[in-house]
Structure formats: C-alpha cells, structure tokens
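Here the structure comes first, spelled out in structure tokens, and everything after it is commentary.
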Amino acid sequence: MKIREFLKERLVSKETNEAVDRIPKPVGSFGYDAWGFNSDAYKIGISIFKPIYEKYFRVEATGLENIPSDGRLLLIANHSGQLPIDGALVGYALATNPHAPRAVRAMIERFFPQAPFVGNILNEVGAVLGDPVNCAKMLSREEAIVVFPEGIRGAGKPWSKRYKLQRFGLGFMHLAVQTNTPIVPVGIVGCEETMPTPFHLNRLARMLGIPYLPVTSPFPLPAKVRLHFGKPMVFEGPIDTEDDAAIKVEQVKDEINRLIQQGLEDRNGWFS
Amino acid sequence: MSEVEKPEILITGAGGSLAQSVIKQLKEQYHVVLVDFRRRVQIDEGMSSYRVEYNKRGFEDIFRKHNIEAVIHLGRMGLYESTHRNRYNHNVLGTQRLLDLCHKYDVHQVIVLSTFFVYGASPYNAALISEDQPLKASELTMDLVDSVELENLANIYLWKHPELNITILRPCNIAGPGVLNSMSLLLSNSLAPVLIGFSPMMQFIHVDDMANAIVLAFEQNHPGIYNVANDDWISYQEAVVQCGCTRLPIPSAPERAPHTISKLLGLKAWPSYLINYYKYPVVIDGSLFSETFNFKSKRSLDDIFSYYREKKALGIL
C-alpha cells in the first residue's frame, strides 16, 4: 500500500488523475471492485503505459467515437504479438478516449492467478480471469470487456500466419446474445511485428507448463500500432445450435478482417 | 406481552457475540430459549438457558419443555476449535439431531448459519459467486468437510421437509466486537501473516449487520439459500494494514512452504488448511439476499477496521 502511494505520488500527473476520475467506474470504499480492480493502481498503470502507447508504439486509434459512453459492451479483437500488449493498448485507448473514456476489462489466461505478484497486479489494473461467469457478471454490472476469441491460437501464432485470423471461440457470441450486449469489432495492426516469431519450442513449453515458448525478439520491437474500432454490432437470439452461433461469429470475423485490411492499407511498413 | 404469552424461539450458540446481538433484537417480542454447548449463558432475568450438546439425549428435553416455534442455529464449533472429527460430530451430526427434533416437534422455521468457506478458495474462482455454484471446499482439505456437510444436510432437510422453512445463510467474513472466528482473531493480532505475492480480494460484514441480516431472514421467512455480503471489497493485505497489523511475509513457493510454516508457527488464526483463502479470492454475490430481504449494511468496512485499529492503539487487543 505504501508502494502504491509512493508510485502514485511520483508517477501520476494531475491530468491523468483527473482523466481517470472522469471514467464512470464504480468501486468500493477502498477503491476496489469485486475483481480486484483498484483505481489508484489503474492510474499508475495508465501513467506507466502512456509513453509506451504514445512514444514507443506511436499508436493511432480510429473509430473511438463508436464506443458507447456507458452500458455493457464487448470489444472483440484479433490477437497477436506473443505478449498481451494488444489488450493493454486497447485498454489505454479506451481509458483516454476523448469522446467517452472507459475502464475496459481484459480476460487473462488461467495461468496468471497462480503467479505471485503478476496475478494481483493484472487484477488491479483491470484484468480478470477468463471465465464465462466472470464475463456475465461484469456485463450485468455494465462493464466494457475486451475479448480475444482466438485465445493463445492468436497470440502465439508464428510469423507465417500473421494477420490470418485463427479459429474463434463462440462463447462471446452466446454471452452477447444472452446479456443483450453490443459488440464493437476491433482490428489491430502492428502487434504482429512487435515480436516476429519464426517458430516455437513446443516441447520445452510443455515441460515448463506454459502455453507456448516463442523464439523471437528478446523485447517487443517498436512497430507502429493501429487500432481500428468498428461500429457496434447487435445480435439477436435465440441461438439454438452452435452453428447458429458460428454464423454470427463469422459476421464479426468478417468485420475484424475488414478493419485489419484497412489498417494494413494505411501503413507504410512496420515502423510508420 | 407477558413472558408466558410470547412465542418461543430457540437460539443455539447463544454465548457468541453474533447470537447476543440477535437475542437483543428479538427478546422483546419472543421468549428466547438460549442454548450453548460451551457454557450456560445468562443474559436477562427470566430467560431459559441451557448448556447442552446437540447430539446428547438431554437436548430433546428442551423441545419437550418449550413450545419452540422457530430455531436460529448459530452454534457451531469454529474452524480452529478441536479436531475435525469433533467438529464433524458437533456441527454435522449435532445439526442433524437438531433438524430431526425440529421436524418431530413441528418447528415452523429454521435459520442455519453457514459460511462462505464452503465455496472453496481456488485460482479459478470467478468473482461474485452466486448461491448455485458448487461447494468445493471439501476438495481442499478434510478440515472443511464439516462445513460442506452441514450445508448439504440443511439442503436435504430444506427440500425433504419444506414445512421447516429452512433458510441457509452463507455470510462473508464476520468481524467486529466480540467475534472469535479465525479472521477476527487474525485481525486482532499485531502480526498478520501474508503470502508473498498474493493478496486476494475479501469481504467483511460487521457482526451487528450480520445480526440484522439474521433477524430480517427470521422475520420475513423466505426459505432458501442466501449469500450475505456487502457490495464492498478490499485486498487481504490492505485489510490487515487497515486493522493496524504488521504484515508478516510468508514465502508462497514452493507450494507446501506456507503450510509447513503455518504448522510450525501454530497460529490458530492462520491454520494451514485455510491458507488457500489467503491466496485466492472467494468473493460472493450477496445481491439475492439484499433484494429478497431489502437488506443494507449500516457499517462500512472502515467501521469494522477502525474497531481493531483503535483497540490495538489502546492496548486492549
């Protein structure tokens, strides 16, 4: 707690403090929510991430006006870059959205809650265990959640599969229909180039009990990242079969593909 | 209303601070029969009070002697008390006897105090656990089997004997003046063990608010299973600091290390079988109870923590 106070004092500017205070995020009397989000830790996270977002990855975000100012929301994005940098970039973009700032929640792998420090820190800045019950409960509390339906298939894919959407899980569509939640598709361009990965050490990954072990750059490269937020999509139920869900998911995939293509056309190489 | 005309209700665990707070609220309207297995409790002149084990034959005499209309079952052997076998005999078999007697003597309503511990602490727990989630505590340790079994038993009677109108309450950590559960003991200490790198979200309810919740459940009588918790949360490490404790860092790896250290320290407030609860969150959703019974806590988290902080500052704890 003393460390948090120290970091807040040193790192959080008056502007960031005020900007985060404007985000309509209900918390309890000590600044926490049920999933471990903490408003002070979030301010520190935003402050630390500011130069990474603005200077290192030089992120360009378009379509932020499509994000509703309140109410439940699912942001469905393509996943890439070996590390979950894309989730953090989407989170920062929404937190600093000039139209309507929001504290977006990201779903994390089941491995993280067991990792000392990491699990708690991720929770404090808004990440939560990827679990359908968690997701449904958060939507019932009108939260905005970013979901990467490709999961580790997307994050850990090798260079040869860059910008090729991997199989999408269907769970998010069931949730969207059950909870009457709009979906905002997000196309992310640039994260594939932050950690180009020719191949993985699968056997060693299995031995270490981690999802994948890429042979890649020792640190993320400063590729320019573009985030394209599409218009909200609303799907109506009921979903009677998994095929019904798959058809609806394909519509979201098509829109994400379109946004990715738009991002690829906009750029001139990896770094500009 | 004279003492003779008042409806009679039986409250177990009458010596505990929670029960005393409940008794205080109900004694004007009801003739309260006090039962405790530890000691004979005397609160007011004229109250009937018994020291008796629920699974001893003498317990039935109370039902023969009094026309018990409702039972508020708060008396259970705490997690740090005795062996798990004794706790099983008292909490599970004793409760079974109590419920059998309630059925035999036409008791119209039973409130059973359970605990959030029954959900179990796991890294895969979602937050805001609702009442229909599985009870996984017995997967963790034999020491929590009695808590889960007590629940299962009450559930069986809830469906088998609907005329008993059983309400099961699963509160979060009850804390405040006079509370002697393991969490309250821990917050009362000057040193509080914390696992390095882990600080799960926790919920606390003031003992007076919990007493209000029990009284509401009794007065409104909507049988079923309910979590009882506020919409407010704090991390464990911050809670102990707020209570004026100094954190005692305990290595969290290798996995058995904290269990071994707990056994070596012999702290009854931080037993080895509860270590997962100081590592992973068990955050319950109390909205069903709040909406059904129109319940709202009157005490904040800071009210709870300031009690421990101030008592420590005065050197009382």
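The values are calculated or read from the model by the stated rules, or taken from the named source; none is laboratory data. These numbers were taken from a predicted model, which means no experiment stands behind them. FYI the Cβ positions are ideal-geometry reconstructions off the backbone, even for glycines, and counts take in every protein chain you see.
Listed residues B:ILE174, B:ILE168, B:ILE156; which is outside any loop (DSSP other than H, G, I, E, B), under 30 Å from A:GLY28 (Cα atoms), away from chain A (no Cβ under 14 Å) and without any contact (Cβ under 8 Å) to a residue 60 or more places away in the chain?
Details: B:ILE174 fails: without any contact (Cβ under 8 Å) to a residue 60 or more places away in the chain; B:ILE156 fails: under 30 Å from A:GLY28 (Cα atoms).
B:ILE168 is the lone residue from the list that is outside any loop (DSSP other than H, G, I, E, B), under 30 Å from A:GLY28 (Cα atoms), away from chain A (no Cβ under 14 Å) and without any contact (Cβ under 8 Å) to a residue 60 or more places away in the chain.
B:ILE72 meets each of the listed conditions (1) in contact with a Leu (Cβ under 9 Å, 6 or more places away or on another chain); (2) in a helix (DSSP H, G or I) apart from (2).
Listed here are the residues, each with its yes/no results for (1) in a strand (DSSP E or B); (2) under 22 Å from the mean Cα position of the chain (by Cα); (3) within 18 Å of A:VAL59 (Cα to Cα).
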site	(1), (2), (3)
A:ILE188	yes, yes, yes
A:ALA205	no, no, no
A:TYR212	no, yes, no
A:GLY237	no, no, no
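With respect to A:ILE3, is the statement that it is farther than 25 Å from A:MET233 by Cβ and within 18 Å of the chain's Cα centre (by Cα) true? For A:ILE3, the condition - farther than 25 Å from A:MET233 by Cβ and within 18 Å of the chain's Cα centre (by Cα) - is not met.
Elements of the type helices (runs of 4 or more DSSP H) sitting completely within the stretch B:200-295 and holding at least 2 residues that are charged (D, E, K, R): these cover B:207-220. Here B:LEU274 meets the list (1) farther than 22 Å from A:PHE30 by Cβ; (2) more than 13 Å from chain A (Cβ to nearest Cβ); (3) free of Cβ contacts under 8 Å to residues at least 24 places away in the same chain almost entirely, failing just condition (3).
Could you look through the stretch B:223-265, keep only residues that are small (Gly, Ala, Ser) and within 14 Å of chain A (Cβ to nearest Cβ), and pick out the one that is surrounded by the fewest Cβ atoms within 10 Å (Cβ to Cβ)? Spell out the reasoning first.
To start, the set of residues in the stretch B:223-265 that are small (Gly, Ala, Ser) comprises B:224, B:229, B:235, B:239, B:244, B:252-253, B:257, B:262.
Filter once more, keeping what is within 14 Å of chain A (Cβ to nearest Cβ): B:229, B:235, B:239, B:244, B:252-253, B:257.
Numbers: B:ALA229: 27, B:SER235: 24, B:ALA239: 27, B:GLY244: 20, B:SER252: 19, B:ALA253: 11, B:ALA257: 15.
Within the stretch B:223-265, the match that is surrounded by the fewest Cβ atoms within 10 Å (Cβ to Cβ) is B:ALA253.
Matching residues to (1) aromatic (Phe, Trp, Tyr); (2) over 30 Å from A:MET138 (Cβ atoms); (3) in contact (Cβ under 8 Å) with a residue 12 or more places away in the chain; (4) buried (at least 20 other Cβ atoms within 10 Å of the Cβ):
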position: A:ARG206; (1), (2), (3), (4): no, yes, no, no
position: A:LEU213; (1), (2), (3), (4): no, yes, yes, no
position: A:SER217; (1), (2), (3), (4): no, yes, yes, no
position: A:PHE229; (1), (2), (3), (4): yes, no, yes, yes
position: A:ASP243; (1), (2), (3), (4): no, no, no, no
position: A:ASN257; (1), (2), (3), (4): no, no, yes, no
position: A:GLY269; (1), (2), (3), (4): no, yes, no, no
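Scanning the stretch B:117-153 for residues that are of a type in the set (S, T, N, Q) and outside any helix (DSSP H, G or I) yields a count of 5.
Results for (1) of a type in the set (Ser, Thr, Tyr); (2) closer than 22 Å to A:GLU65 by Cβ; (3) within 14 Å of chain B (Cβ to nearest Cβ), shown as yes or no for each residue.
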site	(1), (2), (3)
A:GLY81	no, no, no
A:PRO84	no, no, no
A:VAL90	no, yes, no
A:HIS99	no, yes, no
A:ARG102	no, yes, no
A:ILE108	no, no, yes
A:PRO116	no, no, yes
A:ASN120	no, no, yes
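Taking A:ILE44, is it among the β-branched types (Val, Ile, Thr), closer than 30 Å to A:LEU259 by Cβ, surrounded by 13 or more Cβ atoms within 10 Å (Cβ to Cβ) and at pLDDT 95 or above? When the stated conditions are applied, A:ILE44 does not pass them.
Would you say A:ALA106 is outside any loop (DSSP other than H, G, I, E, B), surrounded by 21 or more Cβ atoms within 10 Å (Cβ to Cβ), of a type in the set (A, V, I, L, M, F, W, C) and more than 17 Å from the chain's Cα centre (by Cα)? When the stated conditions are applied, A:ALA106 does not pass them. For the criterion of being part of a helix (DSSP H, G or I) and among the small types (Gly, Ala, Ser), A:GLY119 passes. Of all the criteria given as (1) within 14 Å of chain B (Cβ to nearest Cβ); (2) touching an Asp or Glu at 6+ places or on another chain (Cβ under 8 Å), the one not satisfied by A:ALA136 is (2). Considering the conditions (1) within 20 Å of A:TYR212 (Cα to Cα); (2) more than 9 Å from every other protein chain (Cβ to nearest Cβ); (3) of a type outside the set (Ser, Thr, Tyr), A:GLY126 is excluded by exactly one of them, (1). Taken over the stretch B:296-316, the criterion of being part of a helix (DSSP H, G or I) and of a type in the set (S, T, N, Q) is satisfied by B:SER306 alone. Suppose we keep only residues that are facing another protein chain (nearest Cβ under 9 Å) and either closer than 15 Å to B:ILE234 by Cβ or hydroxyl-bearing (Ser, Thr, Tyr) (or both) within the stretch B:278-292. Which one would you say is surrounded by the fewest Cβ atoms within 10 Å (Cβ to Cβ)? Looking at the filtered set, the residue picked out is B:TYR280.
Annotation: of all residues in the stretch B:43-67 being more than 24 Å from the chain's Cα centre (by Cα) and of a type in the set (Gly, Ala, Ser), the one that is nearest to B:ILE23 (Cα to Cα) is B:GLY46.
Looking at the stretch B:66-79, is at least one residue surrounded by 19 or more Cβ atoms within 10 Å (Cβ to Cβ), at pLDDT below 95 and among the basic types (Lys, Arg)?
Here is the first cut: in the stretch B:66-79, the residues surrounded by 19 or more Cβ atoms within 10 Å (Cβ to Cβ) are B:68, B:70-77, B:79.
Checking which are at pLDDT below 95 leaves us with B:75-77, B:79.
Keeping just the survivors that are among the basic types (Lys, Arg) gives B:76.
Within the stretch B:66-79, one or more residues are surrounded by 19 or more Cβ atoms within 10 Å (Cβ to Cβ), at pLDDT below 95 and among the basic types (Lys, Arg).
Taking the criterion of being more than 8 Å from chain A (Cβ to nearest Cβ) and either at positive phi or among the charged types (D, E, K, R) (or both), the residues of the stretch B:121-141 that qualify are B:GLU131, B:ASP132, B:LYS136, B:GLU139.
Condition check for B:VAL41 on (1) under 22 Å from B:LEU158 (Cβ atoms); (2) buried (at least 19 other Cβ atoms within 10 Å of the Cβ); (3) of a type outside the set (Phe, Trp, Tyr): one failure, at (1). The residue that is surrounded by the most Cβ atoms within 10 Å (Cβ to Cβ), counting only those in the stretch A:8-20 that are closer than 14 Å to A:ALA41 by Cβ and under 24 Å from the mean Cα position of the chain (by Cα), is A:VAL20.
Taking the stretch A:161-195 as the range and being at pLDDT below 90 and touching a strand residue (DSSP E or B) at 6+ places or on another chain (Cβ under 9 Å) as the test, only A:MET195 passes.
When the residues of the stretch A:152-165 are filtered to those that are without any contact (Cβ under 8 Å) to a residue 60 or more places away in the chain and assigned to a loop (DSSP other than H, G, I, E, B), the one that is surrounded by the fewest Cβ atoms within 10 Å (Cβ to Cβ) is A:LYS164.
Does B:ALA121 qualify as being in contact with a Leu (Cβ under 6 Å, 6 or more places away or on another chain) and more than 23 Å from B:LEU216 (Cα to Cα)? So that I can check it myself, show each step before the final result.
Working: in contact with a Leu (Cβ under 6 Å, 6 or more places away or on another chain): no; more than 23 Å from B:LEU216 (Cα to Cα): yes.
Criteria not met by B:ALA121.
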